[in-house]
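J.: Please find one structure pasted underneath; my questions will follow.
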Amino acid sequence: MASTETTADAAPGSGSGSGKDSDDLAGLEAGLDALESVQTGRPPLRQVLVEKVLPPVVAVALVLVVWQLLVWAEVTPTYKLPAPSAVWEELRQSWLQGTLHEYIWTSVSRGLLGFLLALVIGTPLGLLVARVRIVRAALGPILSGLQSLPSVAWVPPAVIWLGLEPSVMYAVILLGAVPSIANGLVSGIDQVPPLFLRAGRTLGATGLKGTWHIVMPASLPGYVAGLKQGWAFSWRSLMAAEIIAKAPDMGTGLGQLLEAGRTNSSMSQVFFAIVLILIVGIAIDLLIFSPLERWVLRSRGLLVNR
């Protein structure tokens, strides 16, 4: 009889504990859902302006203020450090003469076309190096060495081989960017969990199908990092080539503009060219590579509200 009473008393307690666990689990799920819904919402415009736009604007303003203070303090002659107003006058004159867009477009078109060619070459090369052991043993150290080699070192031999032609620019860009793109893809593939590859083979994703559906998507973070570095190498390589290789029929890019300022001993023109090179590099990163990187991270749940 006592045993029966004990059993009867225990039954409600057991049911109560099970119900409490269910309630806790439901509350946890609701909390996670609420957290996810908050993070996935697009931030308001005011927050974007305060957190994204205002800091770089303030930083640029501080640089200009410090620059102007140095000019007023006459820490160095004006022919060595021109005032910001002198650089602005260079910009205004270039705009009025209609040459500003020519400088920018000449360099940007060369840089983007050269980068696309490097992408076409570097991607299959990276796949080959990452997936074939003997190719990796043969070409891996060479790619690493080429990546550390300054791109400007390729300009003299490229001029000798190809002459003063636009092809010199593309050759230097390829030699500077292809190793970075290939090594970035190799690094991304090396970080793919083996479980993904085994699961893909189990589902029949082998060969090219496995590369397209398993390897490439899983290696995107490293690949995108390689693309960003490849663009940086492309842009620097192009500027070096434009400074050294000059010819009337090659057009005037930002590198040629920089070299012309040095030849004319015009520091305002030199600073004008430097500012344009910096602005174009930042703009390409903000318009192309930063959104691509955010998309890759967001698709993996690593970046939600940015």
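J.: Can you give the local net charge around residue 288? Use residues other than it whose beta-carbon is closer than 15 angstrom to its beta-carbon, Lys and Arg +1, Asp and Glu -1. Walk me through the numbers before you get to the answer.
T.: Details: positive: 228, 294; negative: 285, 293.
Once all neighbours under 15 Å are counted, the net charge is 0.
J.: Can I ask one more? Based only on Cα atoms, what mean projected area does the convex hull of the stretch 65-158 have, in nm²? Provide the component values of the computation, followed by the final result.
T.: Working: hull surface 42.0 nm².
That works out to 10.5 nm², a quarter of the Cα hull's surface.
J.: Okay, moving on. I'd like the FRET efficiency for residue 135 and residue 278, computed as 1/(1 + (r/R0)^6) with the beta carbon distance as r and R0 of 30 Å, rounded to 0.05. Don't skip to the answer; put the middle values down first.
T.: On the way: r = 38 Å, r/R0 = 1.27.
Using R0 = 30 Å, I get an efficiency of 0.20.
J.: While we're on this one: At 7 Å along the Cα-to-beta-carbon direction for both residue 148 and residue 264, put a label point, then send me their distance in nm to one decimal.
T.: 4.1
J.: Residue separation times 0.36 nm, minus the C-alpha to C-alpha distance between residue 89 and residue 101: what's the value? Show your work: numbers first, answer last.
T.: On the way: separation 12, 0.36 × 12 = 4.32 nm, distance 1.60 nm.
Gain in length upon complete extension: 2.7 nm.
J.: State the dimensionless ratio Rg/Rh of the stretch 80-299 (Rg: radius of gyration of Cα atoms; Rh: Kirkwood radius).
T.: Values: Rg = 20.4 Å, Rh = 19.1 Å.
Rounded to two decimals, Rg over Rh is 1.07.
J.: Residue by residue through the stretch 239-253, what is 3J(HN,Hα) from phi via Karplus (6.51 cos²θ - 1.76 cosθ + 1.60, θ = phi - 60°)? Round to whole Hz and write x for glycine and proline.
T.: Each residue of the stretch 239-253 in turn: 4, 5, 5, 5, 5, 8, 8, 10, 7, x, 8, 9, x, 10, x Hz.
J.: Separate question: Count charges around residue 259 for me, please; just the other residues with Cβ under 14 Å from its Cβ, Lys/Arg as +1, Asp/Glu as -1. Please list the in-between numbers first.
T.: Details: positive: 246, 262; negative: 242.
Net charge in that neighbourhood comes out at +1.
J.: On a full-extension model of 0.36 nm per residue, what is the gain between residue 67 and residue 246, subtracting their alpha-carbon distance, rounded to one decimal in nm?
T.: Working: separation 179, 0.36 × 179 = 64.44 nm, distance 3.15 nm.
Roughly 61.3 nm would be gained on extension.
J.: Here's another thing I want to ask about it. What is the distance, in nm, between label points placed 7 Å from the Cα along the Cα-to-Cβ direction at residue 76 and at residue 109?
T.: If labels sit at residue 76 and residue 109, their model points lie 3.5 nm apart.
J.: While we're on this one: Output wanted: per-residue J couplings in Hz (rounded whole) for the stretch 93-105, from phi through Karplus 6.51 cos²θ - 1.76 cosθ + 1.60, θ = phi - 60°, x for Gly and Pro.
T.: 5, 5, 5, 5, 7, x, 9, 4, 5, 5, 4, 5, 5
J.: Positive end of the dipole of the stretch 80-299, charges at C-beta (+1 Lys, Arg; -1 Asp, Glu), about the Cα centre: which of 295, 260, 188 has its Cα farthest in that direction?
T.: Looking along the dipole axis, the top candidate is 188.
J.: How far, in nm, would the chain grow between residue 54 and residue 165 when pulled straight, counting 0.36 nm per residue and subtracting the alpha carbon separation? Could you put the intermediate results ahead of the total?
T.: Working: separation 111, 0.36 × 111 = 39.96 nm, distance 4.32 nm.
Length gained between residue 54 and residue 165: 35.6 nm.
We did not get these values from a lab; they are worked out from the coordinates using the rules stated. Quick caveat: nothing in here was measured; it's all calculated off a predicted structure. A quick note on method: Cβ atoms are made from the backbone with ideal geometry, for glycine too, and the neighbour counts reach across all protein chains shown.
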